[in-house]
């Protein structure tokens, strides 16, 4: 079974040199000085590899920045990354390897919440400081004091996104969801919240991992004549699904459990991606100049300069924010000990790519509230601005929809 080391990254705080797997053969040696080891497990290959690759890229950028600015309390950071192949079972094996063989000081977990749910308890039980990058509520509902998140909890998005449904007077919704942890748990939460505020669920359909044809489920949803459709899926499922929904003749608003990112728009098509609404700390941009948030624009320039392309998913943001949160905790703790870092994290308030990261709520989460957006003509527009400027009325005229 493939379980290859993908990258070992150690950066000199003075020179900013990168040491990657394979370079030792060319006569390049890693620094002899003591380092602070961060172990990471991401799905670099497999069904959602694009997300794991961008998460790794964001972490690498973050560590470069940290090491260029003093490391963790003067100690340079070394990154060890393994490929989970998008498998929870492989994530568990790699967690044990990072703990027992690599003897990491801390860890960063996958974009896939199922992998984090499986692997994080091993780090927690070993007393190793750990951040996960998945968005499902399940693994953060556990009593794991060493486990944190610097990304969105889908449960926090549900009340915000559900409110969008009622703000435009929708009375009924059809839900389409996956069986993965994040997709399934978020769909259940959406159903509870929507029914609580008086919205009727007229259809509920799902897919299995590996499915590519959703036409039968889509026809069942449309036959129920919902005012809107809500999708709770993960990764690259979103692009083909939205494309097929539009091809089936539905041109209404699609509510999404998270942002509809450029990688998904590329598959669905720009026109099909119109009128997708969501709540999320992050959105993607076509160019750095499209972003009017200085901190984010600076990050996008760094990312493009290093990797030669723009961020396509929010995973690259989550990776950076995770490293920044850990670094801020190290400054507050004035120590690299896991217990000290975990205690200090509860005091962290720091700039993030999704706004202010605030861990002071006591729930080990960085983002507890955030904005709602709707995708219109390739742009993520604030939902509140869209309504104020007559966007919903324009939508009804363009689509000839009563709803």
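For the stretch 328-347, state whether one or more residues are in a loop (DSSP other than H, G, I, E, B) and within 21 Å of residue 134 (Cα to Cα). Full working, then the answer.
First, pick out the residues of the stretch 328-347 that are in a loop (DSSP other than H, G, I, E, B): 334-337, 346-347.
When the remaining residues are screened for being within 21 Å of residue 134 (Cα to Cα), the result is 346.
Yes.
Would you confirm whether or not the stretch 16-36 contains a residue that is assigned to a helix (DSSP H, G or I) and modelled with pLDDT of 95 or more?
First, the residues of the stretch 16-36 that are assigned to a helix (DSSP H, G or I): 23-26.
Then drop every residue that is not modelled with pLDDT of 95 or more, which leaves none.
No, because not a single residue in the stretch 16-36 is assigned to a helix (DSSP H, G or I) and modelled with pLDDT of 95 or more.
Taking residue 207, is it at pLDDT 95 or above, under 25 Å from the mean Cα position of the chain (by Cα) and over 20 Å from residue 373 (Cβ atoms)?
no
Report yes if residue 202 is on the phi < 0 side of the Ramachandran plot, touching a strand residue (DSSP E or B) at 6+ places or on another chain (Cβ under 8 Å), assigned by TED's automatic domain parsing to the domain that holds residue 129 and at pLDDT 95 or above, otherwise no.
no
Can you tell me which residues in the stretch 346-363 are buried (at least 16 other Cβ atoms within 10 Å of the Cβ) and within 23 Å of residue 283 (Cα to Cα)?
350, 352, 353, 354, 355, 357, 359
If you take the residues in the stretch 279-317 that are assigned to a helix (DSSP H, G or I) and in contact with a strand residue (DSSP E or B) (Cβ under 9 Å, 6 or more places away or on another chain), which one is nearest to residue 378 (Cα to Cα)?
290
Hey, does the stretch 265-286 have a residue that's farther than 30 Å from residue 212 by Cβ, surrounded by fewer than 18 Cβ atoms within 10 Å (Cβ to Cβ) and outside the structural domain of residue 240 (by TED's automatic domain parsing)?
No, the stretch 265-286 contains no residue that is farther than 30 Å from residue 212 by Cβ, surrounded by fewer than 18 Cβ atoms within 10 Å (Cβ to Cβ) and outside the structural domain of residue 240 (by TED's automatic domain parsing).
Does residue 259 satisfy being modelled with pLDDT under 95, within 21 Å of residue 315 (Cα to Cα) and surrounded by 21 or more Cβ atoms within 10 Å (Cβ to Cβ)?
In short, yes.
Any idea which of (1) farther than 30 Å from residue 41 by Cβ; (2) touching a residue at least 12 places away in the same chain (Cβ under 8 Å); (3) touching a strand residue (DSSP E or B) at 6+ places or on another chain (Cβ under 8 Å); (4) surrounded by fewer than 24 Cβ atoms within 10 Å (Cβ to Cβ) is the one residue 230 doesn't satisfy?
With (1) farther than 30 Å from residue 41 by Cβ; (2) touching a residue at least 12 places away in the same chain (Cβ under 8 Å); (3) touching a strand residue (DSSP E or B) at 6+ places or on another chain (Cβ under 8 Å); (4) surrounded by fewer than 24 Cβ atoms within 10 Å (Cβ to Cβ) applied to residue 230, the lone miss is (4).
Take the conditions on the phi < 0 side of the Ramachandran plot, crowded, with 23+ Cβ neighbours inside 10 Å and not in a loop (DSSP other than H, G, I, E, B) and apply them to residue 216. Does it pass?
It is false that residue 216 is on the phi < 0 side of the Ramachandran plot, crowded, with 23+ Cβ neighbours inside 10 Å and not in a loop (DSSP other than H, G, I, E, B).
The values are calculated or read from the model by the stated rules, or taken from the named source; none is laboratory data. As the structure is a prediction and not an experimental result, all values here were calculated from the model. Heads up, the Cβs are rebuilt from the backbone with ideal geometry, glycines too, and the neighbour counts pull from every protein chain shown.
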